[in-house]
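Beneath this line is the structure, given in structure tokens, with notes to follow.
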Amino acid sequence: MAETYTSGIWVVKSGAEDAFVQEWTEFVRWASGFPGSGAFRLVRDLDNPGSYLSFAPWDSFEAQNS
């Protein structure tokens, strides 16, 4: 079975990083309630503090679109 993920690349204005993380966390609280969702992750680029990558595994492609 193939693994399936969702991902996002985010570039945040300087000074808005904390607000972005707070809003992303709220989104994850909502999205993690969907059947088939895995653990959502947010990674910050230490060399470019306004750059983030998010990703999450899903049980199937169909679960992502439910």
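Every number here is computed from the coordinates shown, using simple stated rules; none is lab data. In this text the structure is predicted, and so the values were computed from the model without any measurement. Cβ placement follows ideal geometry from the backbone for every residue including glycine, while neighbour counts extend to all protein chains displayed.
The simple Förster model, with R0 at 25 Å and r as the Cβ-Cβ distance, assigns Phe27 and Asn48 a FRET efficiency of 0.70.
Counting Lys +1, Arg +1, Asp -1, Glu -1, what net charge surrounds Phe20 among other residues with beta carbon under 14 Å of its beta carbon? Kindly include the intermediate steps, with their values, before the conclusion.
Numbers: positive: Lys13, Arg44; negative: Glu17, Asp18, Glu23, Glu26, Asp45.
Counting the neighbours of Phe20, the net charge comes to -3.
For Ala16 and Ala63, FRET efficiency with R0 = 35 Å and r from the beta-carbon atoms, rounded to 0.05?
On the way: r = 31 Å, r/R0 = 0.89.
For R0 = 35 Å, the calculated efficiency reads 0.65.
Classify the chain as rounded, prolate or oblate from the Cα gyration tensor: take a ≥ b ≥ c as the square roots of its eigenvalues, call it rounded if a/c is under 1.5, otherwise prolate when a/b beats b/c and oblate if not. Please list the in-between numbers first.
On the way: a/c = 3.33, a/b = 1.90, b/c = 1.75.
The shape class here is prolate.
The calculated 222 nm mean residue ellipticity attributable to helices in the chain amounts to -8500 deg cm²/dmol, summing -39500 (n - 2.57) over DSSP H runs of n ≥ 4 and dividing by all residues. Computed from Cα atoms, the angle from the helix 17-31 axis to the main principal axis of the chain rounds to 10 degrees.
Here the chain is assigned +1 on the Cβ of each Lys and Arg and -1 on the Cβ of each Asp and Glu. Its dipole about the Cα centre then comes out at about 60 debye.
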